[in-house]
Amino acid sequence: MRNFVYITILLLATVAPTWTNAEADVAWETDNVEVRTIKTDSTVRLTGSEATTVRSTETEATTGRPTESETTKETNTKNLHHPQIPAEDKQANKVAIVLTDEFQAEATIKKQLAKHPKIKLRRVFKHALPGYSVEGPLQELEKIQGAKQVSPVQSYKAEATATNIELIGGEKVRGIFDTNGQRLSGKGITVGVIDTGIDYEHPDLHRNYGGGHDLVDGDDDPMETKGTIGGSTLHGTHVAGIIGANGRITGVAPDAKLIAYRALGPGGMGTTEQVLAAIDQAIEDKVDVLNLSLGNDINGPDLPISLAINKAVEQGITAVTSSGNSGPNKWTVGSPGTATKAISVGASTPPLQVPYLSVTGVPDKIRLEPLMGSEGWKLDRSIEILDGGIGRKSQVKGAKGKLVLIKRGELTFTEKAKNAAEAGAIGVIIFNNTKGGFLGNLEESLDIPVASITMEEGERLRKAIKKTKEFARMDLVEEKDILADFSSRGPVTNTWEIKPDVVAPGVAINSTIPGGYLALQGTSMAAPHVAGASALIKQAHPDWGPEQIKAALMNTSVPIQNREGKGYHTYEQGAGRIQVEKAVKTETLVLPASLQFGKFRLADRLHRHSTVIEVQNHGTKTKKYSFTLPKRAEGIEWEMPMSFELEPGKKKKVEISMLVDPAAFKGKIHDGYLTLNEGSNKISIPYLYVLEEPDYPRVMGFALAPADKPGHYRYEVYLPGGAEEFGIALFDPDDYRFIGFLDSKRKVKKGLLEQELKPEDLPPAGGYLAKVFAKKAGQEDRIDTSIFIVPREE
């Protein structure tokens with residue numbers, strides 16, 4: 001199970017491929033679309049036992065994203081013409097969210113819909129946002145009058161403590177008392193959890209459980225889904241435990257009252273409609289803090305759920321969201337983590353003992369990523385390494401007393417590890433079969449440790465093993481405050497806002513699940529740390545609103561650095577990792593806590609952008625403030641006020657201006673920190689601005705490899721701006737005759753698209769040229785690559 005709740009886009013037209021014998025002389029028009037080709041030397045070979053991807057690309061040093069400057073393979077691909085992708089069925093029934101300009105009574109809505117007898121009214125939203133949900137044929141939904149926006153309902157899926165609580169200051173804060181003389185523990189504060197439900201019978205949660213609502217089944221019993229094969233859930237209980245467990249383990253706010261909103265049902269699946277209904281109910285219930293460890297890969301600020309969360313904040317609720325698990329590239333933050341008024345949270349590491357592998361034939365140490373549920377790595381001697389293929393029983397027969405290297409694909413991680421364990425292996429390392437690394441978890445407990453490494457590291461190890469017998473040595477290195485690779489990065493498209501706002505521990509977090517405890521990882525685990533911290537701040541400062549609580553967390557966060565000691569960008573970590581004790585004790589607040597200077601255009605005559613911040617003194621003494629100018633950069637000047645003083649309880653608005661010479665800059669995104677000095681206390685204020693429209697290709701990072709089930713394959717592709725049309729068209733490599741679509745979709749949202757293909761979705765065995773294309777706003781980008789499919793071994 002994955003550890004982060006994400007939106008799986010419900011596409012309006014997803015059609016299985018039809019393998020055809022198209023005539024070679026048919027020419028297809030491109031509808032006046034500008035086409036750019038990104039050629040790659042990428043050969044994907046699919047067989048029953050192996051899958052190799054050979055790809056040569058350049059990557060940006062700051063983000064690791066593939067660029068257009070990829071090594072090219074000179075093939076005559078200009079004649080790769082294909083027909084239009086299949087049209088969507090206008091008669092198909094859809095569920096949609098209809099947004100209106102203002103709240104309307106149910107009777108009024110029914111009267112408006114009377115002219116559309118095929119449309120059924122499902123739910124009217126009363127608080128979260130003005131609108132309602134309906135069901136009916138697509139062509140009828142498009143005719144609804146008075147609708148501000150008709151948005152298709154998307155489906156949601158749940159992906160899925162001592163050191164983590166201590167790291168953020170959760171233990172120290174227990175020594176601080178509120179105005180009523182109560183220790184800070186969340187007492188008197190209500191936290192809503194929109195998720196898969198809560199196991200309120202768990203001994204660590206039952207005393208804090210304050211009731212809830214089931215928006216899936218329509219009752220007031222938000223129990224996790226139990227006893228359903230493949231459908232049982234645990235995500236919401238894990239999240240709730242991080243916020244307020246009070247038993248064998250202790251959450252951040254162990255005395256907070258927990259209200260559960262079950263918006264995701266069996267298998268962790270739910271819909272936009274259900275999540276909106278949960279937000280609507282939470283506003284009516286007047287919770288103090290609302291946690292949403294859910295999201296998607298859509299980088300946009302105006303989706304219905306983001307708008308509803310902003311509305312909840314306006315009603316006095318501190319809303320906390322996870323930023324997403326689509327990192328490490330920029331532009332990967334997803335809604336509702338893009339909501340302006342919410343606190344969007346990325347994931348960092350708590351103190352961890354990280355295993356590093358040293359092998360004689362490999363010059364650099366290899367960092368292992370333990371799979372969730374794995375035994376700890378405690379090897380204290382040199383161990384021989386065995387090449388275990390893809391982990392079949394026949395390939396790991398000689399594993400007794402050895403460390404087994406296995407390639408990802410065809411079998412599940414658990415099956416691979418069990419086969420090696422049964423053969424006597426003392427550890428398993430699984431390397432990826434597409435570029436980069438991966439995170440995973442075991443489906444059952446095993447007696448041996450299991451970890452993952454990248455494809456590149458695995459291939460180097462395998463190559464060394466083939467040359468000579470290799471022995472590995474294990475070293476454990478403590479790491480903390482490292483940004484998790486999976487943590488989604490910003491900035492937000494269109495608004496150019498910094499997201500996430502802060503980071504918190506989200507790796508190897510132990511918490512409650514139905515029937516026990518389990519360590520999981522994801523930004524889903526990071527967000528509830530901040531929700532719990534928000535409850536503590538609200539208890540200490542009951543008169544503070546959501547914006548002040550957000551500012552307290554951001555103003556006191558500590559910026560973190562990567563393993564090389566280089567600081568992360570503001571759009572990767574926001575203000576940094578939260579420090580609860582300092583947030584509770586802070587006497588100065590700066591609002592907003594991050595600054596966006598917008599977009600500078602070369603055509604503009606005046607390159608001066610300004611913003612206003614408010615400085616508040618919540619202390620008992622007069623304070624003196626001054627700004628430290630940022631490190632001088634060519635082409636940029638700052639205008640800031642001189643030093644000023646504020647008496648206790650006073651506040652002051654301050655204008656900050658940036659003057660830019662765009663000609664002096666080469667990059668498209670510029671960020672950093674401004675510093676406000678309050679005596680010896682320094683408050684860092686992250687800022688960001690962009691030059692012109694950041695340029696990115698419409699399609700990039702395509703990879704295809706065997707999935708973890710026999711006969712299944714998976715592909716992933718990154719669509720930075722989304723696509724009106726996306727497809728993988730296959731052609732005969734000899735005469736460029738169109739064969740068929742391996743896959744095609746319409747209205748694909750921004751972000752990483754991942755798709756698993758069943759055996760019946762694949763074309764016959766043979767070699768093909770593949771054109772991977774995306775169209776949007778009159779521009780088409782494409783990647784031309786070669787695919788060779790071989791029959792799967794029986």
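Select, from Ile305, Ile366, Ile343, Ile317, the only residue that is crowded, with 19+ Cβ neighbours inside 10 Å and not assigned by TED's automatic domain parsing to the domain that holds Val530. Please lay out each step first, then the result.
Details: Ile305 fails: not assigned by TED's automatic domain parsing to the domain that holds Val530; Ile343 fails: not assigned by TED's automatic domain parsing to the domain that holds Val530; Ile317 fails: not assigned by TED's automatic domain parsing to the domain that holds Val530.
Only one candidate passes the filter, namely Ile366.
Here are some conditions: (1) touching a helix residue (DSSP H, G or I) at 6+ places or on another chain (Cβ under 9 Å); (2) part of a strand (DSSP E or B). Ile390 meets all but one. Which one does it not meet?
(2)
I'm trying to understand the selection: among the residues of the range 614-638, which are within 36 Å of the chain's Cα centre (by Cα) and either loosely packed, with under 12 Cβ neighbours inside 10 Å or assigned to a loop (DSSP other than H, G, I, E, B) (or both)? Even if it seems obvious, please write down each step before you answer.
Here is the first cut: in the range 614-638, the ones within 36 Å of the chain's Cα centre (by Cα) are 614-618, 627-638.
Selection gives His618, Leu629, Pro630, Lys631, Arg632, Ala633, Glu634, Gly635.
Do we have Leu742 as touching a helix residue (DSSP H, G or I) at 6+ places or on another chain (Cβ under 9 Å), in the same structural domain as Phe702 (by TED's automatic domain parsing), under 22 Å from Glu410 (Cα atoms) and surrounded by 14 or more Cβ atoms within 10 Å (Cβ to Cβ) here? Break it down stepwise before answering.
On the way: touching a helix residue (DSSP H, G or I) at 6+ places or on another chain (Cβ under 9 Å): yes; in the same structural domain as Phe702 (by TED's automatic domain parsing): yes; under 22 Å from Glu410 (Cα atoms): yes; surrounded by 14 or more Cβ atoms within 10 Å (Cβ to Cβ): yes.
Against the criterion (touching a helix residue (DSSP H, G or I) at 6+ places or on another chain (Cβ under 9 Å), in the same structural domain as Phe702 (by TED's automatic domain parsing), under 22 Å from Glu410 (Cα atoms) and surrounded by 14 or more Cβ atoms within 10 Å (Cβ to Cβ)), Leu742 qualifies.
Filter the range 190-201 for residues that are closer than 13 Å to Val239 by Cα and not hydrophobic (A, V, I, L, M, F, W, C); which is surrounded by the most Cβ atoms within 10 Å (Cβ to Cβ)? Break it down into steps so the answer makes sense when it comes.
Taking the range 190-201 and keeping what is closer than 13 Å to Val239 by Cα, we get 191-200.
Of the ones still in play, those that are also not hydrophobic (A, V, I, L, M, F, W, C) are 192, 195-197, 199-200.
Working: Gly192: 30, Asp195: 33, Thr196: 36, Gly197: 31, Asp199: 26, Tyr200: 21.
That would be Thr196.
Which one of the conditions (1) assigned to a helix (DSSP H, G or I); (2) polar (S, T, N, Q); (3) under 17 Å from Val530 (Cβ atoms) does Asn325 fail to meet, given that it meets all the rest?
Only one criterion in (1) assigned to a helix (DSSP H, G or I); (2) polar (S, T, N, Q); (3) under 17 Å from Val530 (Cβ atoms) is unmet by Asn325, namely (1).
Among the listed residues Glu444, Glu415, Glu456, identify the single one that is in a loop (DSSP other than H, G, I, E, B) and within 30 Å of the chain's Cα centre (by Cα).
On the way: Glu415 fails: in a loop (DSSP other than H, G, I, E, B); Glu456 fails: in a loop (DSSP other than H, G, I, E, B).
Glu444 is the lone residue from the list that is in a loop (DSSP other than H, G, I, E, B) and within 30 Å of the chain's Cα centre (by Cα).
Take the conditions in a strand (DSSP E or B), at pLDDT below 80 and either among the β-branched types (Val, Ile, Thr) or in contact with a strand residue (DSSP E or B) (Cβ under 7 Å, 6 or more places away or on another chain) (or both) and apply them to Gly672. Does it pass? Walk me through it before giving the result.
Details: in a strand (DSSP E or B): yes; at pLDDT below 80: no; either among the β-branched types (Val, Ile, Thr) or in contact with a strand residue (DSSP E or B) (Cβ under 7 Å, 6 or more places away or on another chain) (or both): yes.
No.
Is it the case, given these coordinates, that Thr332 is outside any helix (DSSP H, G or I), closer than 19 Å to Ser594 by Cβ and modelled with pLDDT of 90 or more? Please lay out each step first, then the result.
Numbers: outside any helix (DSSP H, G or I): yes; closer than 19 Å to Ser594 by Cβ: yes; modelled with pLDDT of 90 or more: no.
Answer is no for this residue.
Would you pick out the residues in the range 748-774 that are at pLDDT below 90 and among the charged types (D, E, K, R)?
Answer for the range 748-774, where residues must be at pLDDT below 90 and among the charged types (D, E, K, R): Lys749, Lys750, Glu754, Glu756, Lys758, Glu760, Asp761.
Cβ-Cβ below 7 Å, separation at least six or inter-chain, first residue in the range 737-761 and on the phi > 0 side of the Ramachandran plot, second among the charged types (D, E, K, R): which pairs?
So the pair list comes out as Lys747/Glu724; Gly751/Asp297.
Across the range 752-794, which residue is nearest to Leu80 (Cα to Cα) among those that are within 28 Å of the chain's Cα centre (by Cα) and of a type in the set (Lys, Arg)?
Lys771
Can you confirm whether the range 674-688 contains a residue that is over 30 Å from Glu587 (Cβ atoms), buried (at least 19 other Cβ atoms within 10 Å of the Cβ) and not basic (Lys, Arg)?
no
The values are calculated or read from the model by the stated rules, or taken from the named source; none is laboratory data. Keep in mind the model is a prediction, meaning the values are calculated, not measured. Cβ sites come from the backbone with ideal geometry, for glycine too, and all protein chains shown count toward neighbours.
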